[in-house]
């Protein structure tokens, strides 16, 4: 990267942050219907910024849900690679609001951090690539690659519309590689290449006992309490080490090779870091696997919520007629979400005594896991870009979370996916006081530019 470009990047920092702050002010919460107008405002804001940054064919794509945004610049020539950049402009809800130190949609800079909902997930990281395009256009008048953008507004609410759009628009979205910044790095000085994401199955369990709530004095001891029955069933989902007890759950889980485990062992993250970030008193999980392996390479079955009976202020001595739990599984490659849901249903039906009935309902179609070979040329280009900008070679890691569209892009568009993120472990994603470390934002822009140069070869 030449001196003129370096000077431009430094001079543009304040303006880049001010623009990001404008975008972050828009409360684009995709899971709350009342915010539908805000999603449209956020998409239109991005369109205007893309146009001013030098992108072409910028388009608002209407859907049955929230709109998609497409843009491109295709003048590098047919002999140069084409990069498809994916991101999302929707954000998570902000509850509990009282835990925010500053309002979530009044972006605030404190020290080197920008606090706002969506700062890191994913407006800030998506914006990195728009500003990388702008920097090339301002300093060189062209990009070293052809580029396309597809930005959605439903990643935080299931991604149903983009999942329908991608298979129907293969030619429009055709590229040599898909680049996504919706993951993180270990620290401001230690980049990470994420080469795998876990998939997802989610569902709701309902335990049904009597036809209505009953007086605990008149019926207690003679009727199976639905809350108790639910607790008994949920307790049977794991052994004491956290291993899932559902028959067949691990059938398609491929064990890591010794070489891969050696690569993951280089990630500077263990019990100490886990407990410092989480605030938990001790680590938990399968003892045969490290924390890094448990989070990224092992499947889980989590109990996300439980309720039943009388839970508001005061006291009411009832035997509840129903009890409910929301559960979800983080899945690894080769685990099929629909199959996992059926296995859980079958297991709970087998365990359920005749005193209750159980219903398991899937919530959405789920998402498959993603895995890319570490030696892919595009991933190695990302590794070189990280190394040049951060001055430290990246380590390689499997990530525990998921991005619903990644598997669809890999499968439907038949292209490699590079996950090149810039968030930090303490960015409070999905939680109060979400932030983005601004030095990472600026380094991210430079890294995205170097990646474009490196992918040319």
Residue match in segment 333-355 (condition: touching a helix residue (DSSP H, G or I) at 6+ places or on another chain (Cβ under 9 Å) and in a strand (DSSP E or B)): no
Among the residues of segment 285-300, write down those that are in contact (Cβ under 8 Å) with a residue 12 or more places away in the chain and loosely packed, with under 12 Cβ neighbours inside 10 Å. 287
Checking residue 380 against (1) touching a helix residue (DSSP H, G or I) at 6+ places or on another chain (Cβ under 9 Å); (2) touching a residue at least 40 places away in the same chain (Cβ under 8 Å), the condition it does not meet: (2)
Quick check: anything in segment 327-338 closer than 30 Å to residue 218 by Cα, in the same structural domain as residue 356 (by TED's automatic domain parsing), surrounded by 13 or more Cβ atoms within 10 Å (Cβ to Cβ) and touching a strand residue (DSSP E or B) at 6+ places or on another chain (Cβ under 7 Å)? no
Go through (1) under 20 Å from residue 17 (Cα atoms); (2) out of contact with any strand residue (DSSP E or B) (no Cβ under 9 Å at 6 or more places or on another chain); (3) part of a loop (DSSP other than H, G, I, E, B) for residue 118 and report which single condition fails. (2)
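Tell me which helices (runs of 4 or more DSSP H) are completely within segment 1-112 and hold 1 or more residues being under 21 Å from the mean Cα position of the chain (by Cα), or say none if there are none.
Fully inside segment 1-112 and qualifying: 13-24, 36-53.
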The lone condition residue 343 fails out of (1) out of contact with any strand residue (DSSP E or B) (no Cβ under 9 Å at 6 or more places or on another chain); (2) under 28 Å from residue 221 (Cα atoms); (3) surrounded by 15 or more Cβ atoms within 10 Å (Cβ to Cβ) is (2)
Tally time: how many residues in segment 278-295 are in a loop (DSSP other than H, G, I, E, B) and at pLDDT 95 or above? 11
Subset of segment 261-274 (residues that are over 21 Å from the mean Cα position of the chain (by Cα) and touching a residue at least 24 places away in the same chain (Cβ under 8 Å)): 261, 263, 265, 266, 268
Taking segment 244-259, which residues are out of contact with any helix residue (DSSP H, G or I) (no Cβ under 8 Å at 6 or more places or on another chain) and surrounded by 16 or more Cβ atoms within 10 Å (Cβ to Cβ)? 244
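Is one or more of the residues making up segment 16-24 within 16 Å of residue 155 (Cα to Cα) and surrounded by fewer than 19 Cβ atoms within 10 Å (Cβ to Cβ)?
no
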If only one of 405, 445 is in contact with a strand residue (DSSP E or B) (Cβ under 7 Å, 6 or more places away or on another chain) and closer than 18 Å to residue 178 by Cα, which one is it? 405
Select from segment 72-112 the residues that are without any contact (Cβ under 8 Å) to a residue 12 or more places away in the chain and either crowded, with 19+ Cβ neighbours inside 10 Å or touching a strand residue (DSSP E or B) at 6+ places or on another chain (Cβ under 6 Å) (or both) and list them in ascending order. 108
Out of (1) surrounded by 12 or more Cβ atoms within 10 Å (Cβ to Cβ); (2) in a helix (DSSP H, G or I), the odd one out for residue 303 is which? (2)
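The values are calculated or read from the model by the stated rules, or taken from the named source; none is laboratory data. On a predicted model such as this, the values are computed, not experimentally measured, just so you know. Positions of Cβ are generated from backbone atoms using ideal geometry, with glycine treated the same way; all protein chains shown enter the neighbour counts.
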